[in-house]
Amino acid sequence: MKITMVNLDKKIIKKVNNDTKYILISNSYKNVDMYLNLSIKPILILYNGSYVIDLENNSVIINKSIDISSINSIVKYSNEHNVNIHYYKYNDKVYGLKLNCDNYHRRLIIPYMFSDLYPKVKCNTLNKDIYINNKDVSLINAIEETLDYLNIKNNYIDLENIYINVSDIGYYKDKGNWKGYEMYES
């Protein structure tokens, strides 16, 4: 079985092959909508790996939502201090939050507030954005669980167009693309 893994936040699929199993990665279900009416039935890895579903079998592989009531004080703080909140939702469940803040000092404070108040939630800061997920969520783990689900035992994965943060230990670059045999999350 040929498998093609595409990060839809970085690349659009222009042509699909019916003899290929697609694994589509996105932080938005909206990016996936245009592919759902095609003859292919992909596996979706959504919200940084918080929700993974195989549309061919309609089976959920990973489902790690955030209990939004458990982070009410952070939402309240964000509303009071001009911090924009974007919810990553699907089927009335919240799988992640993205906080956007121009204030540098608030961007430093908010992750510490989360780690102290909510030990089951993790924060990753990237530029002006703070991404919040269930602590057990990892894109690399979601990819590994998806490959296990498909019974793929090869430990070689081409990371082209996946754009995950990985260390360079165990990796090499081939024509500008990271490739490797072991995955390490930074």
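Residue-wise HN-Hα couplings along the stretch 95-106, as the Karplus relation 6.51 cos²θ - 1.76 cosθ + 1.60 with θ = phi - 60° gives them from phi, are 9, x, 10, 10, 9, 10, 9, 7, 7, 4, 5, 5 Hz; Gly and Pro carry x. Computed from the C-beta positions of residue 98 and residue 34 and an R0 of 22 Å, the FRET efficiency is 0.50 to the nearest 0.05.
Taking amide hydrogens as placed 1.01 Å from N in the peptide plane, the amide H of residue 95 sits under 5 Å from those of 66, 88, 89, 90, each at least 5 positions away in sequence or on another chain.
Give the order of 94, 52, 32 when sorted by the count of other beta carbons within 10 angstrom, beginning with the fewest.
Numbers: 94 20, 52 24, 32 16.
Going from least to most buried by this count: 32, 94, 52.
The residues 16, 6, 60, when put in order of fewest to most other Cβ atoms within 10 Å, stand as 60, 16, 6.
Which net charge results for the neighbourhood of residue 67, defined as the other residues with beta-carbon distances under 10 angstrom from its beta-carbon, given Lys and Arg at +1 and Asp and Glu at -1? Let's see the in-between values first.
Values: positive: 93, 120; negative: none.
Here the charged neighbours net out to +2.
Values in this text are rule-based calculations from the coordinates and carry no lab data. Since this is a predicted model, take the numbers as computed values, not measurements. Glycine gets a Cβ as well: all are built from the backbone with ideal geometry, and neighbour counts include every protein chain shown.
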